[in-house]
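Below you'll find the structure, written out as structure tokens, and then a few comments.
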Amino acid sequence: MPNASIPSDKTKGQVEAAVTEAITQFERDYLGRGPKEAKSFIVENLVVVKLQGILGPAERQLSHEDGGVELIKKMRRRVIESCSGDLSKLVAEKTGIEVVSMHADISARTGERVFVFTLDEDLEAALENR
């Protein structure tokens, strides 16, 4: 049975767009800049968020230095770990389903970050079966 807090007036695409906007705004507020492009996908009980163009000029330069990629990844991983609860809460608010876990990775070479949020139930099926 679908969760009562899933937005009943929104399509899958609208929920994906709401998650994208919330994560993009969070990046702007928390990190001082947002991605150049962002897109979210709901796949069963997963929400995948892909952000492109997230590195600043200094990070892009550092990515070409010896050890720079690992340094960027380590710093960004620590930043995201420190705010993982806030990010999970944003996704839960937009989807209406509790987030069980969050995973993130960044490519310091391409400037792309991917978040994967695992939800407590199959959001895709819930949105399709109402």
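A few comments on the model shown:
- With the convex hull drawn around the C-alpha atoms of segment 1-46, the volume per residue stands at 92 Å³.
- Measuring between their Cα centroids, segment 1-64 and segment 65-130 lie 8 Å from each other.
- The convex hull around the C-alpha trace of the chain, projected and averaged over every direction, spans 7.4 square nanometres.
Since every read-out is calculated from the coordinates, none of them should be taken as a lab result. Only a predicted model underlies this, so the values are computations on that prediction, with no experimental measurement involved.
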